[in-house]
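Here is the structure we will look at.
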Amino acid sequence: MNYTKSIPFLFDNYLSLADERNDNQSSRLNNFNNFLLFHVTFRSWMMYLDNQGRYSIIDFFCPLILTFLFTVFKKNGHKCTILAFLVYLIKFSSVFPTSPNHYYVELYFLFLFSIFNFRNSKNETNYLTNSLKLLFVIILFYTGIKKLLYGQYFRGEYLAYLISCDERFSSVFSYILSKKEMLSIKSGNYITGNYYFYLISNSIYLFEIIAPIILFFKKDHNYIKEMLIIFFITLFLISREFTFAAIFLQPFYLFFNTELEKVFNRVFMLIYILMLLPFISIIPMWTFN
């Protein structure tokens, strides 16, 4: 294999991720940036409320500072994003290495918005768009490879484990698995013998590996984008990973010519409100992530 030829080819694909014909890239990146600031502010408050009094000074001041940046200092644009990145980095450092995966994704996005000022020039707009799309492709591909290497998806063992200990999954898969199979799983036997269950389990990592490859190498990928939307909606509804879905899907929207993020972000903001209400005793607590 001639690696000297393959490297420029990969670089060309990276450069072509941004659609030069899309004149509203800067506006869409601004929407992304605003939602990102809102998201990290909301998440900081949620983590503070969820600690039930077991919090440090960082846990207390981080959401306060982010709220100030999002509401008052946001007009300063790029400087606001840089400060938000530094504040969130301190918050991340305070819980490392036990920090959730969400932190990494949020920090990656804040970092990219900090080093590329898309308000300055078309070049920086394109570089930021390319980098965000590429990061989305890499993360999605990596999650699929990781599942493959675990080897716990071939016969659905990991999904069965989740069913045994998490109501979010047991309530959904009870429609696919029989009562006998559900009881067997909850008693610790994670091999079901149900081929529909095996198909679902294997399709997850296969799709996560194949879809990003197509997104990266194939220019006309409308069908794969539509399949990805269905896949993500199904996956996140089952797992109720709403906060992760809200932020992880932001660069995915950039693959579309239409401003898909406006519709989805309104839905996620409504869900965020529903997530906050149990902490102020307005509605009963419900399971989400």
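Points to keep in mind about this one:
- Odd one out for Ser93 among (1) in contact with a Phe, Trp or Tyr (Cβ under 9 Å, 6 or more places away or on another chain); (2) assigned to a helix (DSSP H, G or I): (1)
- Take the conditions (1) more than 30 Å from Met275 (Cα to Cα); (2) modelled with pLDDT of 85 or more; Glu208 misses just one of them, which is (1).
- Scanning region 132-168 for residues that are of a type in the set (A, V, I, L, M, F, W, C) and within 30 Å of Leu254 (Cα to Cα) returns Leu132, Leu134, Leu135, Phe136, Val137, Ile138, Ile139, Leu140, Phe141, Ile145, Leu148, Leu149.
- Lone unmet requirement of (1) closer than 25 Å to Leu107 by Cα; (2) charged (D, E, K, R); (3) loosely packed, with under 13 Cβ neighbours inside 10 Å for Lys180: (1)
- Exclusive hit being buried (at least 17 other Cβ atoms within 10 Å of the Cβ), assigned to a loop (DSSP other than H, G, I, E, B) and either among the β-branched types (Val, Ile, Thr) or at pLDDT 80 or above (or both), set Phe268, Phe255, Phe264: Phe255
- Residue ID - surrounded by the fewest Cβ atoms within 10 Å (Cβ to Cβ), chosen from residues in region 211-237 that are touching a residue at least 40 places away in the same chain (Cβ under 8 Å) and closer than 30 Å to Val267 by Cα: Lys219
- Residues satisfying the stated conditions in region 271-289, i.e. closer than 25 Å to Asn34 by Cα and modelled with pLDDT of 70 or more: Ile271, Tyr272, Ile273, Leu274, Met275, Leu276, Leu277, Phe279
- Reported count of residues in region 52-98, each being of a type in the set (Lys, Arg), surrounded by 15 or more Cβ atoms within 10 Å (Cβ to Cβ) and either modelled with pLDDT of 80 or more or within 23 Å of Ile139 (Cα to Cα) (or both), is 1.
- The condition (being of a type outside the set (Gly, Ala, Ser) and more than 22 Å from Phe109 (Cβ to Cβ)) is satisfied by just one residue among Ile214, Ile271: Ile214.
- Among the residues making up region 167-177, those that are without any contact (Cβ under 8 Å) to a residue 24 or more places away in the chain, more than 24 Å from the chain's Cα centre (by Cα) and surrounded by fewer than 17 Cβ atoms within 10 Å (Cβ to Cβ) are Ser174, Tyr175.
The values are calculated or read from the model by the stated rules, or taken from the named source; none is laboratory data. Small disclaimer: the values here were computed from a predicted structure and weren't measured. Reconstructed Cβ throughout: ideal geometry from the backbone, glycine too, with neighbour counts over all protein chains shown.
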